[in-house]
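The values are calculated or read from the model by the stated rules, or taken from the named source; none is laboratory data. All figures in this text were calculated on a predicted structure; none of them were measured in a lab. All Cβ positions, even for glycine, are placed from backbone atoms using ideal geometry, and neighbour counts span all protein chains on display. Calculation scope for accessible area: heavy atoms of the full protein, side chains included, ligands and nucleic acids excluded. Shrake-Rupley method; radii C 1.70, N 1.55, O 1.52, S 1.80 Å.
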Amino acid sequence: MQFDDVILGRRSVRGYKPDPVPKALIEEVLSLAMRAPSSMNTQPWSFYILTGEPLDRIRAGNTERNLAGVPHSREFRVGQAFEGKHRERQVGVAKQLFSAMGIAREDKEGRLDWVLRGFRQFDAPVCVIVTYDRELAESDDTPFDCGAVTTALVNAAWSRGLGAVINSQGIMQSPVVREHAGIADDQVIMKAVALGWPDETFPANAVVSERKSVDEAAIFVGFDE
């Protein structure tokens with residue numbers, strides 16, 4: 001693919017074929033992703049890549065604990081609930097997804113099932129847990145750098161025919177993730193990325209989220225009109 005094809009074509013994939021993803025292909029995607037820039041070349045990221053039984057144990061633990069009402073225990077700052085225009089964008093993409101999936105507003109069971117898909121890493125055959133070095137946890141550069149490498153990861157995956165979605169629900173129960181992924185104590189869990197071959201028959205995979213225009217997002221200073 002050309003660069004523009006990847007950037008303009010990529011979308012978040014929430015439905016996957018069960019087919020396994022070759023380890024060599026994942027290594028290729030990671031090698032591309034890790035060309036992402038980082039603050040003073042610190043490269044604070046690590047990746048724990050799960051499939052098969054270990055991933056199934058995380059899916060089960062996430063689901064059981066959340067259904068039992070165990071408080072969330074994500075290891076990064078979540079902040080306050082979105083308000084104003086940010087909340088509007090959050091609601092907007094949710095409406096797009098629910099419409100595609102045929103989930104009505106009053107369909108509580110359908111909405112719960114959709115949430116549980118996130119806890120199950122969207123049933124993808126692979127999950128990449130992105131972590132960073134705990135000794136760099138006080139620097140805002142560190143999560144910024146993890147965002148850069150994760151963006152590069154999903155774009156590299158798309159360029160190789162793989163789908164991905166960056167997912168916070170899959171790491172809401174961090175003790176479960178730590179146990180079954182064997183995450184080292186010197187690592188902080190940042191994000192999860194579901195990864196696999198897109199199921200083109202899954203309705204939500206056709207959703208392309210609406211984006212701000214350049215005019216809305218950019219302020220040009222010192223340029224001639």
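Would you mind getting the accessible area per residue of the chain, heavy atoms of the protein chains only, 1.4 Å probe, in Å²? Mind showing how you got there, number by number?
Working: 13360 Å² over 225 residues.
Spelled out: the 1.4 Å probe surface of the chain, per residue, equals 59 Å².
What's the carbon and sulfur percent of the chain's accessible surface, probe 1.4 angstrom, rounded to a whole number? Before the final figure, lay out each step's value.
Working: 7070 of 13360 Å².
With neighbouring chains kept in place, the figure for the chain is 53 percent.
Projecting label points 7 angstrom from Cα along Cα→Cβ for residue 5 and residue 217 puts them 2.3 nm apart.
The loop-placed trypsin sites (Lys or Arg not before Pro) in segment 1-55, going by DSSP, that have at most 11 neighbouring Cβ atoms within 10 Å of their Cβ come out as 35.
Other residues within the sphere of radius under 11 Å centred on the Cβ of residue 130, judged by their own Cβ, net out at 0 (K and R +1, D and E -1). Other residues lying with their Cβ under 14 Å from the Cβ of residue 183 contribute a combined charge of 0, Lys and Arg counting +1, Asp and Glu -1. Cα-based values for segment 1-95, radius of gyration first and Dmax second, are 18.0, 47 Å. Candidate values (i) 16.0; (ii) 17.4; (iii) 14.9 were compared with mean projected area of the Cα convex hull in nm² computed on the shown model; the agreeing label is (iii).
Annotation for residue 225 and residue 83: the two label points, set 7 Å from Cα along the Cα-Cβ direction, are 3.6 nm apart.
Report the net charge of residues surrounding residue 163, where surrounding means a beta-carbon distance below 11 angstrom and charges are Lys +1, Arg +1, Asp -1, Glu -1.
Working: positive: 10, 11, 14, 17, 160; negative: 199, 200.
Taking every Cβ under 11 Å from that of residue 163, the sum is +3.
Exposure here means at most 11 other Cβ atoms within 10 Å; with chymotrypsin sites (Phe, Trp or Tyr not before Pro) in a DSSP loop as sites, the longest stretch of the chain lacking them is 1-219. Counted as membrane-span-like here are DSSP H helices of the chain whose alpha-carbon atoms extend 20 Å or more along the helix's own axis and whose Kyte-Doolittle mean is -0.5 or above; these are 141-159. Using Cβ point charges alone (K and R +1, D and E -1), the dipole size of the chain about the Cα centre works out to roughly 660 debye.
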